[in-house]
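Trainee: What follows is a structure written as structure tokens; I'll ask about it next.
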Amino acid sequence: MTYAFCVFYRFRLMSQEESQKAREAWKQFSSEDWPQELIVVGDYGFAWGTEWSGFLILETENPELFFEFWPRFRENNRWYVENTRTVIGKKRDLQ
């Protein structure tokens, strides 16, 4: 069974330098510390019609992996991500 996690996020206001530092931190974290079994299906830079800056859609066969990963993820981006909200679902077999 596949689980999906839609993680909405809102950035705090940042200077140009902070914004660049945040991009570099994200690039490093997502390439070095990201669990291979937690697949980034999409990284969306806008969430028009909402208060969110964007959202990630993640999938995994093991939902515990997300919950183990989440504290490290939040600790890494807490300084530039003001708030998050996660919606969790199970993928349906349409056949």
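Trainee: Go through Gln16, Gln20, Gln28 for me and flag whichever is of a type in the set (S, T, N, Q) and loosely packed, with under 11 Cβ neighbours inside 10 Å.
Mentor: Gln16
Trainee: Could you run through region 75-95 and say how many residues are more than 22 Å from Phe11 (Cα to Cα) and open to solvent by 50 Å² or more (accessible area, probe 1.4 Å)?
Mentor: Qualifying residue count for the region: 6.
Trainee: Would you pick out the residues in region 50-61 that are out of contact with any Asp or Glu (no Cβ under 9 Å at 6 or more places or on another chain) and either among the hydrophobic types (A, V, I, L, M, F, W, C) or over 16 Å from Lys91 (Cα atoms) (or both)?
Mentor: Within region 50-61, Thr50, Glu51, Trp52, Leu58 qualify.
Yes or no, residue by residue, for (1) closer than 15 Å to Arg23 by Cα; (2) aliphatic (A, V, I, L, M); (3) without any contact (Cβ under 8 Å) to a residue 60 or more places away in the chain; (4) buried (at least 16 other Cβ atoms within 10 Å of the Cβ):
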| residue | (1), (2), (3), (4) |
| --- | --- |
| Val40 | no, yes, yes, no |
| Tyr44 | yes, no, yes, no |
| Glu51 | no, no, yes, no |
| Asn62 | no, no, yes, no |
| Phe69 | no, no, yes, yes |
| Phe73 | yes, no, yes, yes |
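Trainee: Just one of (1) at positive phi; (2) touching a strand residue (DSSP E or B) at 6+ places or on another chain (Cβ under 8 Å) trips up Gly49, so point out which.
Mentor: Failed condition: (2).
Trainee: Right, here's the next one. Would you be able to say whether some residue in region 31-42 is farther than 26 Å from Thr2 by Cα and at pLDDT below 95?
Mentor: No, the conditions are met nowhere in region 31-42.
Trainee: From the list Phe5, Phe69, exactly one residue is within 21 Å of Gly89 (Cα to Cα), part of a helix (DSSP H, G or I) and touching a Leu at 6+ places or on another chain (Cβ under 7 Å). Which is it?
Mentor: Phe69
Trainee: Give me a count of the residues in region 11-33 that are small (Gly, Ala, Ser) and either within 15 Å of Asn76 (Cβ to Cβ) or in contact with a His (Cβ under 7 Å, 6 or more places away or on another chain) (or both).
Mentor: Of the residues in that region, 4 qualify.
Trainee: From the list Glu64, Glu37, Glu18, which one is assigned to a helix (DSSP H, G or I) and under 25 Å from Gly89 (Cβ atoms)?
Mentor: The unique qualifying residue is Glu64.
Trainee: For region 35-46, which positions are aromatic (Phe, Trp, Tyr) and in contact with a Phe, Trp or Tyr (Cβ under 8 Å, 6 or more places away or on another chain)?
Mentor: Hit for region 35-46 is Tyr44, nothing else.
The values are calculated or read from the model by the stated rules, or taken from the named source; none is laboratory data. Predicted, not measured: the structure shown is a model, and the values here were computed from it. Neighbour counts are summed over all protein chains in view; Cβ atoms, including those assigned to glycine, are modelled from backbone coordinates with ideal geometry. Surface areas here come from the heavy atoms of the whole protein model, side chains and all, with no ligands, DNA or RNA. Shrake-Rupley method; radii C 1.70, N 1.55, O 1.52, S 1.80 Å.
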